[in-house]
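The values are calculated or read from the model by the stated rules, or taken from the named source; none is laboratory data. Just so it is clear, the model here is predicted, and its values are computed rather than measured. Methodologically, a virtual Cβ is constructed for each residue, glycine included, from the backbone with ideal geometry; neighbour enumeration extends over all protein chains shown.
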Amino acid sequence: MKLRTINKFFQKKELERVELENKKRIFSSRALLGEDLELQKNVIIEIKNGEIVHISRNVKEKEIEEIKAKNRYNNCIIIPGFINGHTHIGDSFAKELGFDLEIDKIVQAPKGLKHYLLNTMDKEIIIEGMKNTFLEMIYSGITTFVDFRENGMKGIKLLQEAESRFKNSYPKIELGKVILGRPKAEIDELDDILEQCDGAGFGSTNKYSDEQLKLIKEKCQKHNKIISVHVSETKKEHLRAEQEFGSSDVYRAILLLNANPIVHAIHIDKRDFTLIKTKDISIVVCPRANSYLGVGFPPIQEFINENIPVCIGTDNVMLNSLNIFREFEYIIKYLRSVFGPEIIEPVEVMKMASVYPAKIYGLANKGSIDLEKRADLIVINLESPHLQPVHKIYETLTLRAGPRDIKAVYLGGIKFAEIQ
């Protein structure tokens, strides 16, 4: 056999080996499929190069036996990986340090505790805190997060360093992210920030004049980037906008800044509500963090009634754990306590951490278990004693399940080895 023929033979074998490694088949006795999170039984999900290429339903025992044992999940359910719609992970090192303080004394720039700590703490501690948060996210089933990045370019570089160190520890794991930066002082810094980020995320419109908001909008549109901002998190912020600028912070965010989505929107009035609906604005709610801070509960039911897209965020790590399951439970129980037992379907709440944030942030290849979507998957063990017996799957997943029930998390088809 000629040398060239031998080389071609081994090249072909190597290509076949690589292709085989990049292909994977996963079985679960149940799965929530498509954008409706439809319950299906005996499902095989085929993955190639990190994407879902085929889904089989109601498969027979013979097909199940062909799946590798490590990818067979009996008495389990596979659900889409969670998308955390709003975080501030930079303060991960400061958990509970602001517990006894009011919101302004914790997060208000530049004098709030969070900003004081971010500006004075050793960068190694900040970086290690963020690296630990990446692990907490995966342990909690979060496969993509949206982060508001404070401290300008310095804050971005700290995040990049944390990502680099995480990648060194877990080289095959790709945690999805949408990073929204903000200038520390001068708006001119925004151009550099937008080169490094997916968009801009601002603490409040009240810190900027009308002309500055228009300039920020122009810069973001020039770069074709997302604009997001906190609005009406407190009554004080809403009132301040009316007094200083003659219109609400919601109005200024939408009409001057062209922000979408907007975050919190707790203390909005009827005019704000009408504008949000007519302009097709999406909302990110952070109910547990809002309650921690004592600022109220977002009008989630009103948003749902008016078909306004809503997604869930966990907000600052120093205030709140990255536990989406707890958000599900809190939202459902709070709304039932106010409006009655039939007010909301648990499956709709689950979509707020999967289907809806994917649409809101333009993540077309994420948010559901579908063909050509990235294989970001959570495997839940339905044999956990506190889940048995399972009578209603959506209620079980939102009201009883938690990170301790996660058997595996797949990020782009790669199984995170630490969870067994």
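Residues that are in contact (Cβ under 8 Å) with a residue 40 or more places away in the chain, within 21 Å of the chain's Cα centre (by Cα) and buried (at least 22 other Cβ atoms within 10 Å of the Cβ) within the range 374-405 comprise Arg374, Ala375, Asp376, Leu377, Ile378, Val379, Ile380, Leu397, Thr398, Ala401, listed in sequence order. Restricting attention to the range 172-190 and to residues that are more than 27 Å from Tyr116 (Cβ to Cβ) and charged (D, E, K, R), the residue that is surrounded by the fewest Cβ atoms within 10 Å (Cβ to Cβ) turns out to be Lys172.
Here is a check on your reading of the model: is Ala353 touching a residue at least 60 places away in the same chain (Cβ under 8 Å), closer than 22 Å to Pro80 by Cβ and part of a loop (DSSP other than H, G, I, E, B)? Judged against the criteria, Ala353 is a match. Condition check for Asp272 on (1) in contact with an Asp or Glu (Cβ under 7 Å, 6 or more places away or on another chain); (2) over 22 Å from Gly155 (Cα atoms); (3) not polar (S, T, N, Q): one failure, at (1). Regarding the range 382-393, can at least one residue be identified that is closer than 24 Å to Asn132 by Cα and either at pLDDT 95 or above or of a type in the set (D, E, K, R) (or both)? Checking the range 382-393: not a single residue is closer than 24 Å to Asn132 by Cα and either at pLDDT 95 or above or of a type in the set (D, E, K, R) (or both).
Where residues in the range 328-337 are in contact with a Ser or Thr (Cβ under 7 Å, 6 or more places away or on another chain) and under 20 Å from Met137 (Cα atoms), which of them is surrounded by the most Cβ atoms within 10 Å (Cβ to Cβ)?
Phe328
Considering the range 143-171, the residues that are out of contact with any helix residue (DSSP H, G or I) (no Cβ under 7 Å at 6 or more places or on another chain) and buried (at least 20 other Cβ atoms within 10 Å of the Cβ) include one that is nearest to Asp191 (Cα to Cα), namely Phe148. Between Asp210, Asp188, the distinction of being more than 18 Å from Tyr361 (Cβ to Cβ), at pLDDT below 95 and not basic (Lys, Arg) belongs to Asp188 only. Applying the criterion of being closer than 14 Å to His230 by Cα and touching a strand residue (DSSP E or B) at 6+ places or on another chain (Cβ under 8 Å) to the residues of the range 191-207, the residue that is surrounded by the most Cβ atoms within 10 Å (Cβ to Cβ) is Thr205. Here Pro357 meets the list (1) assigned by the TED database to the domain that holds Phe148; (2) over 30 Å from Ile226 (Cβ atoms) almost entirely, failing just condition (2).
For every residue, the table says whether it meets (1) assigned to a loop (DSSP other than H, G, I, E, B); (2) within 29 Å of Gly50 (Cβ to Cβ); (3) at pLDDT 95 or above.
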site: Glu302; (1), (2), (3): no, no, yes
site: Phe325; (1), (2), (3): no, yes, yes
site: Glu329; (1), (2), (3): no, no, yes
site: Gly362; (1), (2), (3): yes, yes, yes
site: Asp370; (1), (2), (3): yes, yes, yes
site: Ile380; (1), (2), (3): no, yes, yes
